[in-house]
Amino acid sequence: MNAIETKLKGCFILEPTVFEDERGYFFESYNEHKMEQILGYKPTFVQDNQSKSSFGVVRGLHMQSGEFSQAKLVRAIEGTVIDVAVDVRPDSPTFGQSVAVELSAENKRQLFIPRGFLHGFSVISDTATFFYKCDNGYNKASENGVTPLDESLAIDWGISVDQMILSEKDQEAQSFETFKLNF
C-alpha cells in the first residue's frame, strides 16, 4: 500500500497494491497493522456505512463535533466521486483549507480523514456506491456542517452548480463564516 500525505497533516491518500490476472483482481482494502504504521497509532473503526447515489449528488460538508468526532476511511466501490476534506482543527496551520481527491472503483484509492475535518463528496459518474469506516458511532446531537456551496471554501466539486442535487439539510446548512463563529 502506498500512503501519500496530503497538504493537510494526518489526511492520507491510500493506494492499494492490486494483484490482477485473467481471473480478476485482489487487494487488501484494510490492514490494521499497515494503518498503524502510516498513522503512528492504531485506529479502531466501530461502524461501516455505505450509500448509493446518482450523478450530481453532493453529500456534505458534514462532521460530528466534540467527543463524538469521527475519523473516516472512505472509498468508492462503484463509480467515481470527488471526495473532499476540510481541515477545521482550531490550532491547525491549514485550518479552512481543503483537499479534493478522485476516488473510484477503477483507481481503488481511499482517503483517510482524521478527526476534526468536514467531509463531503460529489458523484461524477452515472451512479456511485460509497463506503466508509468510522472510528466513532453516529450521534445526531453532535452533527455539524457547512454548505458545500460556500464561496469562501471555493471547492471544485467536479460538476456545475446547476447539475448538483443537494438534500434539504445541505441546502440550508450554515456558511463557513457562521461555522467558525460557533465552533
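Laboratory data are not the source of any read-out in this text; all were calculated from the coordinates shown. All values reported here derive from a predicted model rather than from experimental measurement. Neighbour counts run over all protein chains shown; Cβ positions are idealised from the backbone, glycine included.
Using helices alone, what [θ] at 222 nm do you get for the chain, with -39,500 (n - 2.57) per DSSP H run of 4 or more residues, divided over all residues and rounded to the nearest 500?
Value at 222 nm, helices only, nearest 500: -2500 deg cm²/dmol.
Per-residue Karplus couplings for the stretch 41-52, computed as 6.51 cos²θ - 1.76 cosθ + 1.60 with θ equal to phi - 60°, are listed in order as 8, 9, x, 10, 7, 10, 8, 10, 10, 8, 9, 10 Hz, Gly and Pro entered as x. Taking amide hydrogens as placed 1.01 Å from N in the peptide plane, the amide H of Leu61 sits under 5 Å from those of Val146, each at least 5 positions away in sequence or on another chain. Cα to Cα, under 16 Å, and not fewer than 8 places away if on the same chain: which aspartates and glutamates meet these conditions relative to Lys52? Straight-line reach from Lys52, under 16 Å: Glu78, Asp83, Asp126. Rounded to the nearest 20, the size of the Cβ-charge dipole of the stretch 1-63 about its Cα centre is 420 debye, with Lys and Arg at +1 and Asp and Glu at -1. Residues whose amide H comes within less than 5 Å of that of Gln97, counting only those at least five positions distant or on another chain, are Asp87 (H built at 1.01 Å from N in the peptide plane).
The HN-Hα couplings worked out from phi for the stretch 83-95 by the Karplus form 6.51 cos²θ - 1.76 cosθ + 1.60 (θ = phi - 60°) are 9, 10, 10, 10, 6, 10, 6, x, 9, 7, x, 10, 3 Hz, whole numbers, x standing for Gly and Pro.
Do you know the relative contact order of the stretch 2-182, to the nearest whole percent, from alpha carbon pairs under 8 angstrom that are 6+ apart? Walk me through the numbers before you get to the answer.
On the way: 395 pairs, mean separation 51.2, N = 181.
The value is 28 percent.
Cα centroids of the stretch 22-49 and the stretch 60-99: 18 Å apart. Within the straight-line cut-off of under 21 Å between alpha carbons, the lysines reachable from Lys9 are Lys34, Lys42, Lys72, Lys133, Lys180, sequence neighbours fewer than 8 places apart in one chain being disregarded. Relative to the Cα centre, the charge distribution of the chain, modelled as +1 at Lys and Arg Cβ and -1 at Asp and Glu Cβ, gives a dipole magnitude of about 460 debye.
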